[in-house]
Amino acid sequence: MLAEPAQAQAVKSSQVQVARQFLLAVLAGNWEGAYQLLSPVTQRQMPLPAFRAATQPIIDQARTYGPVIDLYKLGYRLREEETIQPFVGFTYRADSLRPGPHVQLDVTFQDSAARQIQGFSIIPLRISK
């Protein structure tokens with residue numbers, strides 16, 4: 001039996017896998033690797049130095065909660081234009097072990113077929129006292 005070509009064996013990563021790979025690269029300080037996972041449109045809007053600055057809040061949160069992340073949720077948001085935006089949300093594992101995590105690391109995609117990241121942010125889930 002002949003082996004299948006490598007291309008046939010390659011499986012396209014899911015949005016969850018791409019989002020996780022992106023956040024792990026950011027947390028490891030691999031900005032170039034993380035940057036390559038952004039869509040070309042996002043890269044044009046955010047040059048690498050701006051990207052590094054934009055990821056700083058994620059790194060700052062990791063200093064508080066540690067670099068280990070867990071999948072929190074996968075979903076779709078309706079925007080004002082009534083377009084659907086897929087997102088993958090992660091929490092820091094140490095924070096998610098507490099009642100109600102403080103923040104969610106949010107990674108968004110243009111649509112459900114996209115495998116390049118459109119955006120990312122930190123969403124406060126509850127106010128720290």
## Note on the structure
Result for region 37-80: accessible area per residue, probe 1.4 angstrom, in square angstrom, of 66 Å²
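When DSSP assigns beta bridges and you keep just the ones with both residues in region 15-124, what percent turn out antiparallel, to the nearest 5?
Taking every DSSP beta bridge within region 15-124, about 95 percent pair in antiparallel fashion.
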## Note on the structure
Computed over the chain: longest principal axis from alpha-carbon atoms vs helix 15-27 long axis, angle to nearest 10 degrees, is 60 degrees
### Summary
FRET efficiency (GLU80, GLN45; Cβ distance; R0 22 Å; to 0.05) is 0.65
### Message
With a 1.4 Å probe and all protein chains kept in place, how much accessible area does LYS12 have, in Å² rounded to the nearest 10?
### Response
140 Å²
### Query
If you take the Cα Rg of the chain and divide it by 2.2 N^0.38 Å, with N the number of residues, what do you get?
1.15
### Message
So if each residue of separation counts as 0.36 nm, and I subtract the Cα-Cα distance between ASP70 and GLN17, what length gain in nm does that give?
### Response
17.9 nm
### Message
If each DSSP helix of 4+ residues adds -39,500 (n - 2.57) and the sum is divided by the residues in the chain, what number results at 222 nm, nearest 500 deg cm²/dmol?
### Response
-10500 deg cm²/dmol
### Message
Ignoring ligands, DNA and RNA, please state the percent of accessible area on the chain from carbon and sulfur, probe 1.4 Å.
### Response
55 percent
### Query
Taking the chain as a Gaussian network, Cα atoms linked when under 10 Å apart, which of ALA62, ALA53, ALA25 shows the biggest mean-square fluctuation?
ALA53
### Query
Non-local amide H neighbours of TYR72 (under 5 Å, H modeled in plane, Pro and chain starts lacking H): which ones?
GLY89, PHE90, THR91
### Query
About the Cα centre of the chain, what is the dipole size in debye to 20, counting +1 per Lys and Arg Cβ and -1 per Asp and Glu Cβ, all else neutral?
360 debye
### Query
Helix 48-65 versus the longest principal axis of the chain: what angle, 0 to 90°, nearest 10, using Cα atoms?
60 degrees
### Task
Using a 10 angstrom cutoff on alpha carbons, build the Gaussian network for the chain and name the most mobile of THR108, THR64, THR55.
THR64
### Message
Using a Gaussian network model on the chain with a 10 Å cutoff between Cα atoms, which of PRO40, PRO99, PRO49 fluctuates the most?
### Response
PRO99
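The values are calculated or read from the model by the stated rules, or taken from the named source; none is laboratory data. None of the values given here were measured: they were computed from a predicted structure. FYI the Cβ positions are ideal-geometry reconstructions off the backbone, even for glycines, and counts take in every protein chain you see. Calculation scope for accessible area: heavy atoms of the full protein, side chains included, ligands and nucleic acids excluded. Shrake-Rupley method; radii C 1.70, N 1.55, O 1.52, S 1.80 Å.
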